[in-house]
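Asks: The structure that follows is given in the form of structure tokens.
The values are calculated or read from the model by the stated rules, or taken from the named source; none is laboratory data. What you see is a predicted model; the values in this text were computed from it and never measured. Virtual Cβ from ideal backbone geometry, glycine too; neighbours counted across all protein chains shown.
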Amino acid sequence: MNCILLGPPGAGKGTQAKNIVKNFNIVHFSTGDMLRKARKSDGVISELLSSGQLVPDEIVVDIVKKSLERNGVERGFLLDGFPRNLRQAEQLDLMLKSKNVKIDKVFLIDIEFEEAVNRIAGRRVCECEASYHVTMLPPEKVGKCDYCGADLVQRNDDEESVVRDRFTIYKKQTEPLIEYYKKTGLFVVIDGLKDEKGVFRQISSYIL
Ligand code: AMP
């Protein structure tokens, strides 16, 4: 099973991606996670991430290409946060064609802006990549990661003004992918307002 997960900031892509890859034993490719690692040694990437801007296509495509090579695609995979615009989608098509691999499903987790802002405002993350919400998914001990005990922090691109910019970028750059993937017949809309289990149930019903 090879799938793509689309959705605006705050839709719960990261949470659902983790559920999907665990339950269906496929590989998780998250460009957001890859770029958060890369930002530690790259000031330009760091600045773009902090301001909620997209990282240039050449950089992201190169990172994805290398990651696909390194991890392999045989077991099946989930692309989370990639592609983010039409150019990336076309590059992805070329990459997959060269490997003779096809996408089986494209999921869009749909959610309105106000709900997204509410969710993101409460999001807290750990450097081990665990993610929490102060009310919806709180850690056992306030401010500490359940897995490694480290301090939880707010991502700096989760501040409200940055979330607004990320949403605008999503509307302009990423939403055109909906039409692109609708034409393939692989596109499925998931109601992102349901709780975590409800969203996962909907997604699972499309995964054979
Ligand atoms: P995410 O974790 O998917 O919300 O991504 C966090 C940030 O990483 C985004 O706001 C962008 O700055 C950057 N990013 C992630 N994926 C991409 C992509 N496919 N193209 C460009 N920038 C990306």
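Asks: Looking at (1) in contact with a Phe, Trp or Tyr (Cβ under 9 Å, 6 or more places away or on another chain); (2) outside any helix (DSSP H, G or I); (3) not acidic (Asp, Glu), which is the only condition ASN23 fails?
Replies: So the condition that ASN23 fails would be (2).
Asks: For region 195-203, indicate whether the set of residues that are at pLDDT 95 or above, more than 19 Å from the chain's Cα centre (by Cα), loosely packed, with under 13 Cβ neighbours inside 10 Å and among the charged types (D, E, K, R) is non-empty.
Replies: No, every residue in region 195-203 fails to be at pLDDT 95 or above, more than 19 Å from the chain's Cα centre (by Cα), loosely packed, with under 13 Cβ neighbours inside 10 Å and among the charged types (D, E, K, R).
Asks: Those residues that are touching a Ser or Thr at 6+ places or on another chain (Cβ under 7 Å) and either within 27 Å of GLU114 (Cα to Cα) or within 9 Å of the ligand (Cβ to nearest atom) (or both), I need them from region 7-34; list them, please.
Replies: Answer for region 7-34, where residues must be touching a Ser or Thr at 6+ places or on another chain (Cβ under 7 Å) and either within 27 Å of GLU114 (Cα to Cα) or within 9 Å of the ligand (Cβ to nearest atom) (or both): GLY14, THR15, ALA17, MET34.
Asks: Pull up region 119-143, narrow it to residues that are free of Cβ contacts under 8 Å to residues at least 12 places away in the same chain and of a type outside the set (A, V, I, L, M), then point me to the one that is surrounded by the fewest Cβ atoms within 10 Å (Cβ to Cβ).
Replies: GLU140
Asks: Let me ask something else about it. When region 144-167 is examined, which residues are found to be loosely packed, with under 12 Cβ neighbours inside 10 Å and outside any loop (DSSP other than H, G, I, E, B)?
Replies: The answer is ASP151, GLU160, SER161.
Asks: Check whether at least one residue in region 184-194 is surrounded by fewer than 17 Cβ atoms within 10 Å (Cβ to Cβ) and assigned to a helix (DSSP H, G or I), and report yes or no.
Replies: For region 184-194, residues surrounded by fewer than 17 Cβ atoms within 10 Å (Cβ to Cβ) and assigned to a helix (DSSP H, G or I): absent.
Residue-wise test of (1) surrounded by 16 or more Cβ atoms within 10 Å (Cβ to Cβ); (2) modelled with pLDDT of 95 or more; (3) within 9 Å of the ligand (Cβ to nearest atom).
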| site | (1), (2), (3) |
| --- | --- |
| GLU58 | no, yes, no |
| GLU74 | no, no, no |
| ARG84 | yes, yes, yes |
| ARG87 | no, yes, no |
| ASP104 | no, yes, no |
| GLU114 | no, no, no |
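Asks: For ILE59, indicate whether it is within 21 Å of LEU193 (Cα to Cα) and among the hydrophobic types (A, V, I, L, M, F, W, C).
Replies: No: the conditions fail for ILE59.
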